[in-house]
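The values are calculated or read from the model by the stated rules, or taken from the named source; none is laboratory data. All figures in this text were calculated on a predicted structure; none of them were measured in a lab. A quick note on method: Cβ atoms are made from the backbone with ideal geometry, for glycine too, and the neighbour counts reach across all protein chains shown.
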Amino acid sequence: MKNETRKSLTSSAIAGAFAISLMAASGSVLAAKPGMEKCQGIVKAGMNDCGTSKHSCAGQASVDGDPEEWVYVPKGTCEKIVGGKVK
């Protein structure tokens, strides 16, 4: 039984490390997009691009239109959206 537990813990640790590396890679891809800007206040629940003071990951916005949540939009678009504010 101990051997099965050890294998399970090892597999979980490897999977966790892999997931973290994927999240880090996807975050840097978003940050590097030329011609994009961060737009606050227009996000639908669960559709934010990155963390805020309330959480640390994309996709964790809990309500629509939270003024702290943001998404990347093409430059010049945010100011045209009602409630949008360039971060």
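Annotations for the structure displayed:
- Residue pairs whose Cβ atoms lie under 6 Å apart, sitting 6 or more positions apart in sequence or on different chains, and linking a residue in the range 38-58 that is free of Cβ contacts under 8 Å to residues at least 24 places away in the same chain to a partner that is aliphatic (A, V, I, L, M) and assigned to a strand (DSSP E or B), are ASP49/VAL71.
- Tally of residues being surrounded by fewer than 17 Cβ atoms within 10 Å (Cβ to Cβ) and assigned to a strand (DSSP E or B) across the range 38-71: 1
- PRO74, sole failed condition from (1) loosely packed, with under 14 Cβ neighbours inside 10 Å; (2) modelled with pLDDT under 85: (2)
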